[in-house]
Amino acid sequence: MESLRIALSSLIVNRLRALLTTLGIIIGVGSVIALISLGRGVEDFIASEFESLGSNLIVVFRSAPQSPTRDRIEPLTTVEAIDILNLPSISNIAPIHGIQGNIIFGRENIADQVGYGVTPSYVDLRNYEPFLGRWISQQDVNDLARVIVLGWNVAEDLFGELDDGQIDPTGATVRFDGLPFTVIGVMEETSALAGENGNVFIPISISQQRLASPERSRTRDGGYYIDALYMQAISEEATQQAVRDVEDYLFFAHEIEFEGEQDFTVVNQSDLLASLNGITRNLTIFLSLIAATSLMVGGVGIMNIMLVTVTERTREIGIRKAIGA
């Protein structure tokens, strides 16, 4: 009790020194915790953003072959999309066909607007829902209906702010790539990772048959040209098998004989997430090293204070011991 009393009285007498020493410990340890938590938070945020894009997602798109033995790039087609959907490891598929053109409403004109011809299954795969109105139906696709669904940013650029609920663009007529379209819906606002806010969506049939240039319309197998395929594996465990099945089918369909001649790329959501997690893990380690450095600097500062304190009190401690302390 006497030792405790002496220690406390010493702290009270040297309040500033005690405060600075404590502050060194608090800042050092606090910075380690904060920076590691930041790294973990970024990792969790990226994982949640990927989950919001859809589960068990696989994307196939055209790409240049790596091997010099093949220089042609065959397009993906609607016939291939139907065949891939029949694979036992695939549960759903959504082909998309890209179009670029001006979109006009009244005096508002958005140049080089990106539009996608899509099917009804697109929203199911992407976990994407309309904010106003409805999504494209199978009847719209069958009838080549001139209907359009606007992304959030496009709707606000053409019609004004949507948050207050006073503006409803559904039913309005806009011109896209020279053709009139009736607005049937506005999609909900998405994250920057999803990147859908600046797009518009029309039935894939009218995109392929009315708006596409001749080289981006009919294909060698009698189908229609598509830019990419979004597909869903039957389960998370079956994703790798689904990727292998799709690659095997496209090797056959595109008459690919050797590795490196692939004119397509298959991207799997799990692999992308694993790659990004690896990057964020390295970021967390880097932040931890910075935090550890600050903790070490704080520790050296505390050690200096302690050494000075002991040196200052050597005479006092000798006197105390001489009288029986």
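The values are calculated or read from the model by the stated rules, or taken from the named source; none is laboratory data. Every value quoted in this text rests on a predicted model; they were computed, and no experiment measured them. Every residue, glycine as well, gets a Cβ built from its backbone with ideal geometry; the counts of neighbours run over all protein chains shown. Keep in mind that these areas ignore ligands, DNA and RNA; they rest on the heavy atoms of the full protein, side chains included. Shrake-Rupley method; radii C 1.70, N 1.55, O 1.52, S 1.80 Å.
Between I256, I290, I305, I234, the distinction of being touching a residue at least 60 places away in the same chain (Cβ under 8 Å) and either crowded, with 17+ Cβ neighbours inside 10 Å or among the polar types (S, T, N, Q) (or both) belongs to I256 only. Checking each residue of segment 192-200 against the condition of being in contact (Cβ under 8 Å) with a residue 60 or more places away in the chain, aliphatic (A, V, I, L, M) and under 22 Å from N102 (Cα atoms) gives at least one match. Applying the selection to segment 159-185, what residues are open to solvent by less than 10 Å² (accessible area, probe 1.4 Å) and at pLDDT 90 or above? Within segment 159-185, P169, V174, F176, F181, V183, G185 qualify. Residues considered: E259, E215, E236, E247. Of these, the only one that is of a type in the set (D, E) and within 30 Å of D143 (Cβ to Cβ) is E215. Screening V246, V267 for residues that are under 14 Å from the mean Cα position of the chain (by Cα) and either modelled with pLDDT of 80 or more or within 27 Å of T78 (Cβ to Cβ) (or both) leaves exactly one candidate, V267. Residue-level analysis places R134 outside the set of residues that are over 25 Å from L57 (Cα atoms) and among the basic types (K, R). Looking at E215, E189, E196, E237, just one residue is at pLDDT 85 or above, of a type in the set (D, E) and at negative phi, and that residue is E189. Of the residues making up segment 279-295, none is at pLDDT 85 or above and under 22 Å from the mean Cα position of the chain (by Cα). Pairs linking a residue in segment 169-183 that is in contact (Cβ under 8 Å) with a residue 12 or more places away in the chain to a residue that is assigned to a strand (DSSP E or B) and basic (K, R), with Cβ atoms under 9 Å and 6 or more positions apart or on different chains, are F181/R175. Scanning segment 1-50 for residues that are over 30 Å from E312 (Cα atoms) and open to solvent by 40 Å² or more (accessible area, probe 1.4 Å) yields I33, A34, L35, I36, S37, L38, R40, V42, D44, F45, S48.
With a requirement of 1 or more residues that are closer than 30 Å to F252 by Cβ, the strands (runs of 3 or more DSSP E) lying completely within segment 71-187 that satisfy it span 90-105, 108-118. The number of residues in segment 224-259 being among the hydrophobic types (A, V, I, L, M, F, W, C) and part of a helix (DSSP H, G or I) comes to 7.
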